[in-house]
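For reference, the structure discussed in these notes is given below.
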Amino acid sequence: MKKLMLGNAAFARGLYEAGCKIVSSYPGTPSTEITEEAAKFEEIYAEWAPNEKVAMETALGASIAGARSFCGMKHVGLNVAADPLYTASYTGVNGGMVIAVADDQGMHSSQNEQDSRHHAIASKVPMIEPSDSGECKEFVKLAFELSEEFDAPVIVRMSTRVAHSQSIVDTTERQEPELKEYTKNPQKYVMMPAFAKTRHVFVEERTQKLIAYAETSPLNRVEISENAEFGVITNGAAYQYVKEALGDKVSVLKLGMVNPMPVQLIKDFAAKYSRIVVVEELDGIIEEHCRNIGVSNVEGKNIFGYIGEINQAVIAEKLLGEKKEFTAIGEDVPGRPPVMCAGCPHRGLFYCLKKLGVTVSGDIGCYTLGAAQPLAAVDTTICMGASISALHGFNKARGAESEHRTVAVIGDSTFMHSGMTGLVNIAYNNSNSTVIILDNSITGMTGHQQNPTTGKNLKGDPAAAVDLEKLCRAIGINRVRVVDPYHLAETEAAIREELAADEASVIISRRPCALLKYVKHNAPFKVNAEKCVGCKMCMKLGCPAISIREGKAVIDHTQCVGCGICKEMCKIGAIE
Amino acid sequence: METKSIMIVGVGGQGSLLASRLLGNVLLAQGFDVKVSEVHGMSQRGGSVVTYVKYGDKVYSPVIEKGEADAVISFEILEAARCLPYLKKGGKLITSTQQIDPMPVITGAAQYPENLVEKLKNAGADLIAVEALSLAEQAGTAKASNVVLMGVLSAQMDFPEELWQNALEQCVPAKFLELNKKAFELGRNA
């Protein structure tokens, strides 16, 4: 049956058809929907793990037990899961194991633009890369077969454009492989030095076999054009841009297997043309491989660079000198950066932090938007969990003066992911740090996923909920208190008191995300134009529902959810 | 058939994903090869949101670049101005007249441009400007502007109305179906 499917949904369909049994992931744009879609199949057990390392270890355990298993994550998530990855390469698998890593070329929703192919090369794990939804499904099924044939986890590399584009997929039935027998085999699964040494030999031999496989694999495809002026080697989404921009003006070698890469196949292709152009996004990994194997008529990064996405227009301009005509209104169009939503519980908290002029060690989530104007309250954002550990380091470096004017902010899901260990460090190594957990009862930025604090699992069923207050106390923090960020005065007072205190403290700023379906909205507020003096106090909140028209504040009733913090700000009572 | 390109643009939260799914379903039912490219994650938080829909005998790239779109459908008029450069010469620009201030305007760092309908026309756009928000409210909810605009688009395309109705039934939850059908009709007849 032919269906229009998101790349991530097609990936999940591939998991289903391949008979995958166990799925464990941590959400991260652009990988999240793979696991959400997989959870819709009754035959698949699917869960959100607290972080990517736990997810990968869960998938590896399931594989050792004999099931086909999967874990999915975004590119930076693979850094968190790198530890099990590099050793899973040595242990290999029992049931097939597939890992999705979704790179974010162009950084649509990420803090860096790393190229995950480096992890595949360094861990010596095979990596394959689809270029549309149909390939997503087929490659995933093949990945399970390769995993079992070569005794290796297999990484399927996604990108924003492949993950979040819909194209046509032909679906078939699920095959239901038997659970493979588990037999104790410490030489394969106990990676202490004596056994790991023999497994390293296996890994190197496996790589040679994989290279031989890559020479003839259907994953790598040569498309010869009689009219070709030169040859192009490409992979992933870039293949689609090449085909659209260059059509039959070039011959194409499409690499679906990006680690390890073939040698003879590339040499033979390159020998046909005097000029070979590698069109690959981010780093020049294919290009370097070409040079390493003695193909010298190659170029690529000198034309396309290392930054952001490539597209058909860039290729047409750089390789054919063609540019499309277009028109514009002839004046600057103001930008529209993402903002915290109307009614966002984080807004009140960030307003208080800005007002108090404190230094804010930030983290990854919707609340990263607290760095944007007009609140501009955040000083640093590095990676998941870094707010708390970096605050500890900052305070150790600058001492008491800093401890009384610096805080960390971290969401509930991010705290469970990797914030807890930083809090243990604060308690154990004794810095007088103030940590604010923004508990909006959901994983927000990635589109409302449950997490260990919400009391529900991925399928929406009731689950054990971590008690954040008790957890923080158990870690060794004595001062733990809860505030409602819709109440500005209470929130500000709590921050002042905890900063002044002479020991570490945690403030839990608790209020569910305003976009959650179960959150009841109040009637929208209105500005009484007769009372409004246009002082713009309410504008300091940076609420997208409030604007100024003819000198007076106006509230957009389609956006306002009646949170009322602007009413608290208005000294003259013009907001009703 | 040569590949056709349609861009659907607006502000995060305005429902561009539903609009692109409706269009994608109609095109699939017509037997075209189709690609629809969306942006999820941070950009959805009140930022500019762009969705690309491409169809034809064989579609390769899922994205649309400057000067390539046969039509641009915009849920907000500043976004129409922002995406005008993507329209190819002679392409159709369908926009809601709704105005949503972006944060730089709210903070006073920038001005919302005035008389955008006129400026878009002067720039050479083949423009259809629709009061989509008030039509949506007439249908029952401001949230249905997206479907109103798809109704407007449907009148510009040569596909049987039945296909659009089927797509609505597939993509919209049953309890909101009647409301959305009304919004679609109001747009189609606008």
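The values are calculated or read from the model by the stated rules, or taken from the named source; none is laboratory data. Every value quoted in this text rests on a predicted model; they were computed, and no experiment measured them. Cβ: placed from backbone, ideal geometry, glycine included. Neighbour counts: every protein chain shown. Note: areas computed on protein heavy atoms with side chains; ligands, DNA, RNA excluded. Shrake-Rupley method; radii C 1.70, N 1.55, O 1.52, S 1.80 Å.
A few remarks follow.
- Total residues in the stretch A:532-555 satisfying the condition of being closer than 30 Å to A:ILE388 by Cα and part of a loop (DSSP other than H, G, I, E, B): the figure is 3.
- Where A:GLU309 falls short, out of the listed (1) under 20 Å from A:SER159 (Cβ atoms); (2) touching a Phe, Trp or Tyr at 6+ places or on another chain (Cβ under 8 Å); (3) open to solvent by 50 Å² or more (accessible area, probe 1.4 Å): (2)
- Residue in the stretch A:326-337 that is open to solvent by 20 Å² or more (accessible area, probe 1.4 Å) and closer than 30 Å to A:ASN235 by Cα present: yes
- If the condition is being over 21 Å from A:THR32 (Cβ atoms) and facing chain A (nearest Cβ under 7 Å), then the stretch B:26-47 contributes B:LEU28, B:ASP33, B:VAL34.
- Test result for A:ASN478, open to solvent by less than 70 Å² (accessible area, probe 1.4 Å), polar (S, T, N, Q) and not assigned by TED's automatic domain parsing to the domain that holds A:MET56: no
- The listed residue being more than 21 Å from A:CYS566 (Cβ to Cβ) and of a type in the set (Gly, Ala, Ser), out of A:GLY305, A:GLY343: A:GLY305
- Condition check for A:LYS323: open to solvent by 30 Å² or more (accessible area, probe 1.4 Å), within 14 Å of chain B (Cβ to nearest Cβ), at pLDDT 95 or above and not in a loop (DSSP other than H, G, I, E, B): no
- Enumeration of residues in the stretch B:68-109 that are in a strand (DSSP E or B) and either open to solvent by 30 Å² or more (accessible area, probe 1.4 Å) or within 11 Å of chain A (Cβ to nearest Cβ) (or both): B:ALA69, B:ASP70, B:LEU87, B:LYS88, B:LYS89, B:GLY90, B:GLY91, B:LYS92, B:LEU93
- Residue within the stretch A:521-531 that is closer than 18 Å to A:VAL409 by Cβ and assigned to a loop (DSSP other than H, G, I, E, B) present: no
- Residues in the stretch A:426-457 that are over 26 Å from the mean Cα position of the chain (by Cα) and either without any contact (Cβ under 8 Å) to a residue 60 or more places away in the chain or farther than 20 Å from A:GLU503 by Cβ (or both): A:TYR428, A:ASN429.
- Only a single criterion out of (1) open to solvent by less than 40 Å² (accessible area, probe 1.4 Å); (2) closer than 23 Å to B:VAL105 by Cβ; (3) more than 14 Å from every other protein chain (Cβ to nearest Cβ) is not satisfied by A:ALA529, namely (1).
- Of the residues examined, A:ALA342 is not one that is open to solvent by less than 40 Å² (accessible area, probe 1.4 Å), facing another protein chain (nearest Cβ under 7 Å), in contact (Cβ under 8 Å) with a residue 24 or more places away in the chain and not β-branched (Val, Ile, Thr).
- For A:ASP104, the criteria (1) of a type in the set (Asp, Glu); (2) without any contact (Cβ under 8 Å) to a residue 24 or more places away in the chain; (3) open to solvent by less than 30 Å² (accessible area, probe 1.4 Å) hold in every case but one, which is (2).
- Flag if A:ALA342 is under 24 Å from the mean Cα position of the chain (by Cα) and more than 30 Å from B:LYS121 (Cβ to Cβ): no
- When each of A:ILE310, A:ILE303 is tested for being within 22 Å of the chain's Cα centre (by Cα), under 25 Å from A:GLN114 (Cα atoms) and of a type in the set (A, V, I, L, M, F, W, C), the lone residue that passes is A:ILE310.
- Looking only at the stretch A:162-197, and only at residues there that are of a type in the set (Lys, Arg) and under 30 Å from A:GLU17 (Cα atoms), the one that is nearest to the other protein chains (Cβ to nearest Cβ): A:ARG174
- Of all residues making up the stretch B:166-179, the number that are part of a helix (DSSP H, G or I), open to solvent by less than 40 Å² (accessible area, probe 1.4 Å) and touching a residue at least 12 places away in the same chain (Cβ under 8 Å): 3
- The set of residues from the stretch A:148-160 being in contact (Cβ under 8 Å) with a residue 60 or more places away in the chain and either surrounded by fewer than 22 Cβ atoms within 10 Å (Cβ to Cβ) or of a type outside the set (Val, Ile, Thr) (or both) comprises A:PHE150, A:ALA152, A:PRO153, A:ARG157, A:MET158, A:SER159.
- Within the stretch A:258-287, tally of residues that are touching an Asp or Glu at 6+ places or on another chain (Cβ under 8 Å) and either of a type in the set (A, V, I, L, M) or surrounded by fewer than 18 Cβ atoms within 10 Å (Cβ to Cβ) (or both): 12
- Conditions (1) assigned to a strand (DSSP E or B); (2) under 32 Å from the mean Cα position of the chain (by Cα): number failed by A:GLY231: (2)
- Single residue of the stretch A:538-551 satisfying the filter (surrounded by fewer than 16 Cβ atoms within 10 Å (Cβ to Cβ) and more than 10 Å from chain B (Cβ to nearest Cβ)) that is farthest from B:GLU137 (Cα to Cα): A:GLY551
- None of A:SER131, A:SER89, A:SER147, A:SER109 is assigned to a loop (DSSP other than H, G, I, E, B), modelled with pLDDT of 95 or more and of a type in the set (Gly, Ala, Ser) except A:SER131.
- Filter pass, A:ALA494 being part of a helix (DSSP H, G or I), open to solvent by less than 70 Å² (accessible area, probe 1.4 Å) and in the same structural domain as A:LEU369 (by TED's automatic domain parsing): yes
- A:ALA163 among the aliphatic types (A, V, I, L, M), open to solvent by 50 Å² or more (accessible area, probe 1.4 Å) and closer than 24 Å to A:ILE233 by Cβ: no
- Those strands (runs of 3 or more DSSP E) of the stretch A:3-74 in which 1 or more residues are within 14 Å of chain B (Cβ to nearest Cβ), open to solvent by 10 Å² or more (accessible area, probe 1.4 Å) and more than 22 Å from A:VAL169 (Cβ to Cβ) occupy A:69-74.
- Filter pass, A:CYS563 being assigned to a loop (DSSP other than H, G, I, E, B) and either farther than 30 Å from A:ASP467 by Cβ or at pLDDT below 95 (or both): no
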